[in-house]
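Enquirer: Please see the structure below; I have some questions.
The values are calculated or read from the model by the stated rules, or taken from the named source; none is laboratory data. This structure is a prediction, so every number in the text was calculated from the model and none was measured. All Cβ positions, even for glycine, are placed from backbone atoms using ideal geometry, and neighbour counts span all protein chains on display.
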Amino acid sequence: MNKKAQSLGSFILVFIVVIVGLSLLTAVALNTGISTTSYTQNDSLSGSTTMPASGSRIDLTGQDLLSTPVVVNVTGSGTVTASNYTIDTIVSTSTGVKTVSLLSNGGWWEGEEINISYIYGPEGYANDAGTRGVISIIVIFFVLGIAVVVLEPTLRSGVLEMINR
């Protein structure tokens, strides 16, 4: 086989794999960040929430509740006791997806403005630590795979031996 044609074919193959690999790597890396990063919700910084009527639910921000929420009166006059509400993760009746939700258990806080603070996982969050670890390893192996495809024709062609001579 013609040596120049073989080299050109190898170059084109490497070029295509690198372009496609980097395109896919961008998508994978962006989703890795979303799947492994938690966020803080703090109503005192972003506004307030109105406590619904007894027995009513409202959807809050996030997919997974990762910390114990703290609920205070918007005026700062006191912490709302946990017996007045339940904050948990449910499948939302309004959207049909998993979400953090507040259920009012009654009390004199109904209709009052409250501030809620908690740590949550966004939509697509991997709530298992093992899964988050494997997701990060997938990105590393993806990059190593691209590097092998780029370096393999160079190593096979004997370029490194010519440099050492």
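Enquirer: Among the residues of the range 30-42 satisfying the criterion of being exposed (fewer than 13 other Cβ atoms within 10 Å of the Cβ) and assigned to a helix (DSSP H, G or I), which is farthest from the chain's Cα centre (by Cα)?
Expert: Leu30
Enquirer: When you check Asp59 against the structure, is it outside the structural domain of Ile140 (by TED's automatic domain parsing), exposed (fewer than 15 other Cβ atoms within 10 Å of the Cβ) and farther than 30 Å from Leu144 by Cα, yes or no?
Expert: no
Enquirer: In the set Leu25, Leu45, which member is closer than 30 Å to Ile137 by Cβ, in a helix (DSSP H, G or I) and not charged (D, E, K, R)?
Expert: Of the residues listed, the single one that is closer than 30 Å to Ile137 by Cβ, in a helix (DSSP H, G or I) and not charged (D, E, K, R) is Leu25.
Enquirer: Also, quick follow-up: Taking the range 123-157, which residues are small (Gly, Ala, Ser) and either in contact (Cβ under 8 Å) with a residue 24 or more places away in the chain or under 17 Å from Val17 (Cβ atoms) (or both)?
Expert: Gly124, Ala126, Ser136, Gly145, Ala147, Ser157, listed by residue number.
Enquirer: Let me ask something else about it. Quick one: in the range 112-136, which of the residues that are loosely packed, with under 10 Cβ neighbours inside 10 Å and not in a loop (DSSP other than H, G, I, E, B) is modelled with the lowest pLDDT?
Expert: Ala129
Enquirer: Here is a follow-up. Could you tell me whether any residue of the range 77-87 is among the aromatic types (Phe, Trp, Tyr), touching a strand residue (DSSP E or B) at 6+ places or on another chain (Cβ under 9 Å) and under 16 Å from Thr40 (Cβ atoms)?
Expert: Checked the range 77-87: no residue is among the aromatic types (Phe, Trp, Tyr), touching a strand residue (DSSP E or B) at 6+ places or on another chain (Cβ under 9 Å) and under 16 Å from Thr40 (Cβ atoms).
Enquirer: Now for a separate question. With the structure loaded, tell me whether Asp64 is modelled with pLDDT of 85 or more and out of contact with any Gly (no Cβ under 9 Å at 6 or more places or on another chain) or whether it fails that test.
Expert: For Asp64, the condition - modelled with pLDDT of 85 or more and out of contact with any Gly (no Cβ under 9 Å at 6 or more places or on another chain) - is not met.
Enquirer: Looking at (1) surrounded by 13 or more Cβ atoms within 10 Å (Cβ to Cβ); (2) without any contact (Cβ under 8 Å) to a residue 12 or more places away in the chain; (3) not in a helix (DSSP H, G or I), which is the only condition Trp108 fails?
Expert: Just one mismatch for Trp108, condition (1).
Enquirer: Being at negative phi and part of a loop (DSSP other than H, G, I, E, B) is the filter here; which residues of the range 79-98 pass it?
Expert: Listed by number, the residues that qualify are Val80, Thr81, Ser92, Thr93, Ser94, Thr95, Val97.
Enquirer: Could I ask something else about it? Would you say Val20 is β-branched (Val, Ile, Thr) and without any contact (Cβ under 8 Å) to a residue 40 or more places away in the chain?
Expert: yes
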